[in-house]
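The values are calculated or read from the model by the stated rules, or taken from the named source; none is laboratory data. On a predicted model such as this, the values are computed, not experimentally measured, just so you know. Note that each Cβ is placed from the backbone with ideal geometry, even for glycine, and that neighbours are counted across all protein chains shown.
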Amino acid sequence: MNSTSASTSSLVDVDTPSVRTVPSDYSEQEVKTDTQADRIEREQKAEELAAKARAEADLAKKRVKRSARKADNWLTKQFESLSDGTGGALVAINLVAVVGLSGFLGYKAWGLYDRGRLGWKNVGLGVGILAVVGAAESIFGG
């Protein structure tokens, strides 16, 4: 016969209430659990951050529009000053455009030459671009 008895400390005490009760107005409560309250708080913080980000984005858009308007006004003033009969400035702008385009095309051609890909087709394309630009300048600049 075994003289040792099993421990009864792990057994449920039947004298204590095992059913948990909730307040009678539980179903009418807006927030029912701590987890729900934490979730609502996190959602409110996320909404606040989103609203702040939208406000900053709107402010940035306004700044960009303002700077674009200033640049447009400056550019308009420059073109107005060119149309006042100052042909020298127009000639200088055309010269800079042609030299810049020629330099760019020459740089690209040099890169093709270094790689061994420069052919008559590429040269013809570059000359064609220069001819089109020259023709456009003679039509619109005249």
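Restricting to segment 16-41, what's the tally of residues that are at pLDDT 80 or above and surrounded by 10 or more Cβ atoms within 10 Å (Cβ to Cβ)?
Residues that pass the stated criteria total 6.
Name every residue in segment 107-142 that is of a type in the set (Ser, Thr, Tyr) and more than 21 Å from Ala97 (Cβ to Cβ), in order of residue number. Walk me through it before giving the result.
Within segment 107-142, the subset of a type in the set (Ser, Thr, Tyr) is 107, 113, 138.
Within segment 107-142, Tyr113 is the sole residue that qualifies.
May I ask you to list the residues in segment 123-134 that are at pLDDT below 90 and of a type outside the set (A, V, I, L, M)?
Within segment 123-134, Gly126, Gly134 meet the criteria.
Working carefully through the options Ala92, Ala109, Ala68, find the one that is in a helix (DSSP H, G or I) and modelled with pLDDT under 80.
On the way: Ala109 fails: modelled with pLDDT under 80; Ala68 fails: modelled with pLDDT under 80.
Only one candidate qualifies: Ala92.
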